[in-house]
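Structure first, then comments.
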Amino acid sequence: SELRENLVRAETLMNQSSFLKTDVKAFNLRVVPKETYKNVGLRLNSNEKEKSYSCICICDPPVPTGSSICDVVSAMEDVELKQQTPIRVSHRRSDLVRSRTLREIKVSVIPGTRGRCVYVDLRAESGTYIKEFCHGDDGRTKPSLGDLLGNGTKCDIIQLDVTKVDAVGFE
């Protein structure tokens, strides 16, 4: 059929293309029914998906040694964030203020850093700008990690890893 020929041609072009000159190859392309696509959670709304992250941030001023602020922040759940479109993506996204939910956050001072570096584990609604949550994006994300830590703290993120992606209701 014409569809099958087009899929084979697309597969061949993709595998010859310079952007796929890696170990990644396209094979056995096929049309997938809309119901299948929906059932695997790929088309869920952002509030139906969550992502977990771990990151390392530098704090100035340092988090005071012996302070309970990390415990206070770590006890927070379902923190409502207001995020204006980040400066780094403003050229391709509408300048809007989006509400996102930070489901969980765990903050701890990294030993030996005298409070200058914190390790942050968090789980957030998909679509949350995590880098901007950490550094505040010049006040475009409220509250930011620095806001939660208090004392006028400014944070810079130096490492960010996605540790898990969850589609709510899918195992």
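The values are calculated or read from the model by the stated rules, or taken from the named source; none is laboratory data. All figures in this text were calculated on a predicted structure; none of them were measured in a lab. Don't worry about glycine lacking a Cβ; one is built from the backbone with ideal geometry, like all the others, and counts go over all protein chains shown. These accessible areas exclude ligands, DNA and RNA; they are computed on the full protein's heavy atoms, side chains included. Shrake-Rupley method; radii C 1.70, N 1.55, O 1.52, S 1.80 Å.
Structure summary
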quantity: In the range 132-166, the residues that are surrounded by fewer than 15 Cβ atoms within 10 Å (Cβ to Cβ) and hydrophobic (A, V, I, L, M, F, W, C); calculated: 158, 160, 162, 165
quantity: Verdict on residue 129 being aromatic (Phe, Trp, Tyr) and either under 25 Å from residue 89 (Cβ atoms) or open to solvent by less than 10 Å² (accessible area, probe 1.4 Å) (or both); calculated: yes
quantity: Residue in the range 77-91 that is surrounded by the most Cβ atoms within 10 Å (Cβ to Cβ), counting only those that are under 18 Å from the mean Cα position of the chain (by Cα) and not in a strand (DSSP E or B); calculated: 85
quantity: Matching residues in the range 101-110 - criterion: being assigned to a strand (DSSP E or B) and either within 16 Å of residue 64 (Cα to Cα) or of a type in the set (Ser, Thr, Tyr) (or both); calculated: 101, 107, 108, 109
quantity: Filter pass, residue 159 being polar (S, T, N, Q), in contact with a Ser or Thr (Cβ under 7 Å, 6 or more places away or on another chain) and not in a loop (DSSP other than H, G, I, E, B); calculated: no
quantity: Every residue from the range 15-38 that is at pLDDT 80 or above and surrounded by 11 or more Cβ atoms within 10 Å (Cβ to Cβ); calculated: 29
quantity: So residue 95, is it open to solvent by 80 Å² or more (accessible area, probe 1.4 Å) and modelled with pLDDT under 95; calculated: yes
quantity: Matching residues in the range 92-112 - criterion: being free of Cβ contacts under 8 Å to residues at least 12 places away in the same chain and more than 21 Å from the chain's Cα centre (by Cα); calculated: 111, 112
quantity: Residue 113 open to solvent by less than 50 Å² (accessible area, probe 1.4 Å), within 17 Å of residue 77 (Cβ to Cβ) and assigned to a loop (DSSP other than H, G, I, E, B); calculated: no
quantity: Residues that are in a strand (DSSP E or B), within 15 Å of the chain's Cα centre (by Cα) and hydrophobic (A, V, I, L, M, F, W, C), drawn from the range 116-156; calculated: 120, 122, 124
